[in-house]
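Notes to accompany the following structure.
The values are calculated or read from the model by the stated rules, or taken from the named source; none is laboratory data. Since we're looking at a predicted model, the values are computed, not measured. Counting neighbours? That spans all protein chains shown, and the Cβs are built from the backbone with ideal geometry, glycine included. In case anyone asks, the SASA skips ligands and DNA or RNA and just uses the protein heavy atoms, side chains included. Shrake-Rupley method; radii C 1.70, N 1.55, O 1.52, S 1.80 Å.
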Amino acid sequence: MQNFDFVKPATIAEAVKALNSGDAQALSGGQTLIATMKQGLAGAETLVSLTGIAEMKGVCQGDGGLHIGAATSHATVAREVATTYPALAKLAGGIGDPQVRNRGTVGGSLANNDPAACYPSGALASGATIVTDRREIAADDYFQGLFATALDEGEIITKVIFPIPEKAAYVKFEQPASRFALTGVFVAKFAGGVRVAVTGASNDGVFRWTEAEKALSANFSAAAISGLSVDAGNMISDLHGTAEYRANLVKVLTARAVTAA
Amino acid sequence: MTKLSMTVNGKAVSGEVEGRTLLVQFLRETLHLTGTHVGCDTSQCGACTVHIDGKAVKSCSIFAADAAGANVTTIEGMANADGSLSVIQQAFQDCHGLQCGFCTPGMVMTSAALLADNPHPTEAEVRHGLEGNICRCTGYHNIVKAVLTASGQTVAAE
């Protein structure tokens, strides 16, 4: 691994300053970034650890729902929101393995926006707000394709606000070796309608299945989507599953999530 | 190089590290605590699992500098004060929970964290809890049996 200077600021302001001086890269839990750096696929002159910033950790109820500090680990989220937002707790508690959940963070996952990660579907289906050091970004504007987000250079996620739906569920069809989502569907029913977000399936990363949202907003039951089909045209096709297989999984898992919600 | 201090197995330690030094390298190469193993280069096998402030973490997937000031426990810190094996270690021996033994330090560390969180897990919870640790010898049955035995639960004979 290429060497770097390691800095661990204690405040958001110091972190932003460090990230905006020269070739710097933010490091959260590191459960993706460190493996990527070992392969020589990422690196920077300075690595700025975000895990020493107290104001970026923890879960509380606030305006608009649950406020989750970006540097909060998956294990902590799974524990802290178990009663307030069980579907999100289940998502967080199913990421990777226990060791990964003790280090990996919600902000790290959303900043990376892996097309098969769990959190992007939870954030998009919840209509979450991504709060950064300089602005608030609606989830609908935040996810911009494969590993692409609305974040600017040197901008860090400090907090994520999750509105709490009336009913919700996340169902993931696991890739058994990595436990990433071969396909995962998060369904969230709000007073104003239903949101369905799919991860692991599309070449463009997480997306909303708007046809299902319309059908489920009128009738929140698995039967409501039985007549729909998902276009396999832009689905991921790899050794784990073909595009058609994933397209079918989107529908099957959506139905399961509605039933489970 | 930067100077770094932390507590490992109850003792204050310090050393010089590069930014890129992984915690597992600091433990093995600087502190010569070679019980913590590196079984893969892809963060998947869990052989390097240690406890950081009581939580199971893969020491290959955290930089040593990020663990500065932390309280780290490795397999060398697991035996009882008189040198006898801890309940979990003894259960691994009694249940034949290892063959080659390479994954065992990580298995023991993850199991200890699991039982600290959930003292009487079901078999399914043990299997789920050990998802981050790969063993290529035993097929996991005896490892699961060891963890259940260590929790004080009676395990049916095969």
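Structure above, values below:
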quantity	calculated
Residue that is farthest from A:ASN3 (Cα to Cα) [pool: residues in the range B:1-15 that are open to solvent by 70 Å² or more (accessible area, probe 1.4 Å) and not in a loop (DSSP other than H, G, I, E, B)]	B:LYS11
Qualifying residues in the range B:116-140 (those that are among the hydroxyl-bearing types (Ser, Thr, Tyr) and in contact (Cβ under 8 Å) with a residue 12 or more places away in the chain) - the one farthest from the other protein chains (Cβ to nearest Cβ)	B:THR138
Filtered residues of the range A:19-69 (kept if in contact with a Gly (Cβ under 8 Å, 6 or more places away or on another chain) and over 25 Å from A:ALA128 (Cβ atoms))	A:ASN20, A:ALA24, A:MET37, A:GLU45, A:THR46, A:LEU47
Qualifying residue in the range A:150-171 (condition: assigned to a strand (DSSP E or B), touching an Asp or Glu at 6+ places or on another chain (Cβ under 8 Å), on the phi < 0 side of the Ramachandran plot and not aliphatic (A, V, I, L, M))	yes
Flag if A:PHE180 is hydrophobic (A, V, I, L, M, F, W, C) and at pLDDT 95 or above	no
Total residues in the range A:209-229, condition touching a Leu at 6+ places or on another chain (Cβ under 9 Å) and outside any helix (DSSP H, G or I)	1
Members of the range A:99-127 that are open to solvent by less than 20 Å² (accessible area, probe 1.4 Å) and either without any contact (Cβ under 8 Å) to a residue 40 or more places away in the chain or assigned to a helix (DSSP H, G or I) (or both)	A:GLN99, A:VAL106, A:GLY107, A:LEU110, A:TYR119, A:PRO120, A:SER121, A:GLY122, A:ALA123, A:LEU124, A:ALA125, A:SER126
Out of A:LYS167, A:LYS251, A:LYS214, A:LYS172, sole residue that is touching a Lys or Arg at 6+ places or on another chain (Cβ under 8 Å) and either surrounded by fewer than 21 Cβ atoms within 10 Å (Cβ to Cβ) or within 30 Å of B:LEU130 (Cα to Cα) (or both)	A:LYS167
Flag for A:THR105 being hydroxyl-bearing (Ser, Thr, Tyr), at pLDDT 95 or above and either under 17 Å from A:GLU166 (Cα atoms) or in contact with a helix residue (DSSP H, G or I) (Cβ under 8 Å, 6 or more places away or on another chain) (or both)	yes
Members of the range A:217-245 found to be open to solvent by 50 Å² or more (accessible area, probe 1.4 Å) and under 26 Å from A:SER109 (Cα atoms), listed by number	A:ASN234, A:SER237, A:ASP238, A:LEU239, A:HIS240, A:THR242, A:TYR245
Output for the range B:16-47, where each listed residue is open to solvent by less than 10 Å² (accessible area, probe 1.4 Å) and more than 9 Å from every other protein chain (Cβ to nearest Cβ)	B:LEU23, B:VAL24, B:PHE26, B:LEU27, B:THR36, B:ALA47
Residue that is nearest to A:ARG246 (Cα to Cα) [pool: residues in the range A:176-209 that are buried (at least 20 other Cβ atoms within 10 Å of the Cβ) and small (Gly, Ala, Ser)]	A:ALA201
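Conditions (1) charged (D, E, K, R); (2) assigned by TED's automatic domain parsing to the domain that holds A:ALA10, marked per residue:
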| residue | (1), (2) |
| --- | --- |
| A:GLY30 | no, yes |
| A:GLN39 | no, yes |
| A:ALA42 | no, yes |
| A:GLU45 | yes, yes |
| A:ASP63 | yes, no |
| A:ALA71 | no, no |
